[in-house]
Amino acid sequence: MSIPLIYSPFYSFHFPATHRFPMDKFRQLYRCLADTGILKEHNVFRPGRVKEQVLQLAHASDYIHRFQNNQLTGKELRKMGLPWSTDLVKRSMISPNGTLMTGAIALNHGIACHMAGGTHHAYHDHGRGYCVFNDLAVAAKALLAQDKAKKILIFDCDVHQGDGTASILAHEPRVFTCSIHCEKNFPHLKQDSDLDVGLPKGMTDEDYLQVVGDTLEKALQLSQPDLVFYDAGVDVYAEDGLGYLNISIEGIRRREQLVLSILREQHIPVATVIGGGYDKNQAALARRHALVFETAADLFS
């Protein structure tokens, strides 16, 4: 079978070319996966807007309302790091539902891959670090509320700590949060995940892969999950503008093989999101994001 892919054409929209966030990478990723044959007409699922009551499982209703109506303060917008627009609102109201859909499909199929998501810096009542809403927290809370899962592991390999995820889910014992990140990197004030592993700047492939494998095994043992959300951030790449680690493209490919192989061998459903990655060459960035999709297709098709 083809692996299920989740995508919305609203993920990329007209965006300031000078801005550091690579808003076109989602469209580029779609094109890349179509070119490789992983994306076909029959295996793409398109999410709609998230229901507000679902979004409120993780976010304050006042924050949701003010964001939708362009009522955030200048300070809040600077913290969020993205210029407000109606297109940003549309995108932000769809992406959390995309991750929720990815999790639900993964529970039935064993694997599903979202061509967005990983907005792990968003907190309960504010956006941060290019993240408006926390799709991982929304999806996890929704699947629990819908009784589709009993225990969930969020395994976050973005180079930045999943501080918003840790904060929102701090008092939810059914979700185990695990973050492997560069310690001396944004956010400077870390939150307490259930399991945090801070890496030194400049870490290279072999040491990194050892940490990822050992940490995943430990997190699985501690959490015993029905479902894993895997944040496959590629900002660990050596030449990423915001990364500070020294991981090669082959190292990222091996990470995806390691993580997905362990979950497949243990028969644990996995929902992947793409997380962070920053490069002015967004086509090259999309090819790095495509590695987790290529690996999923190899292992699960």
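Please go through the residue pairs Lys79/Lys218; Lys151/Lys218; Lys25/Lys141; Lys40/Lys151; Lys184/Lys218 and name each one whose alpha carbons sit more than 25 Å apart in this structure.
Lys79/Lys218; Lys25/Lys141; Lys40/Lys151
Provide the percentage of antiparallel DSSP beta bridges, counting only those with both residues in the chain; round to the nearest 5.
Taking every DSSP beta bridge with both residues in the chain, the antiparallel ones total about 5 percent.
So what's the gap between the Cα centers of region 152-204 and region 71-137, to the nearest angstrom?
The two parts, judged by their Cα centres, are 17 Å apart.
Within 10 Å of each residue's Cβ, count the other Cβ atoms and sort Thr204, Thr86, Thr18 from fewest upward.
Final ranking by Cβ density, sparse to dense: Thr18, Thr86, Thr204.
Starting with the fewest neighbours, write out Ser223, Ser92 ranked by other beta-carbon atoms found within 10 Å of each beta-carbon.
Least to most surrounded, the residues fall as Ser223, Ser92.
So how strong a dipole does region 6-98 carry about its Cα centre when Lys and Arg Cβ are +1 and Asp and Glu Cβ are -1, to the nearest 20 debye?
140 debye
Answer rounded, prolate or oblate for region 22-300, using the Cα gyration tensor with square roots of eigenvalues a ≥ b ≥ c: rounded when a/c is under 1.5, else prolate when a/b is larger than b/c, else oblate.
Rounded shape, in that the Cα axes give a/c under 1.5.
Taking the alpha-carbon distance from Lys150 and a cut-off under 15 Å, which aspartates and glutamates remain once sequence neighbours fewer than 8 residues away in the same chain are dropped?
Those aspartates and glutamates meeting the cut-off are Glu172, Asp226.
Of the peptides 120-127, 249-256, 76-83, how do they stack up when ordered by the mean number of other Cβ atoms within 10 Å, highest first?
120-127, 249-256, 76-83
Where a number appears in this text, it was derived from the coordinates with a stated rule and is not lab data. Keep in mind that what you see is a predicted model, and the values were worked out from it rather than measured. Note that each Cβ is placed from the backbone with ideal geometry, even for glycine, and that neighbours are counted across all protein chains shown.
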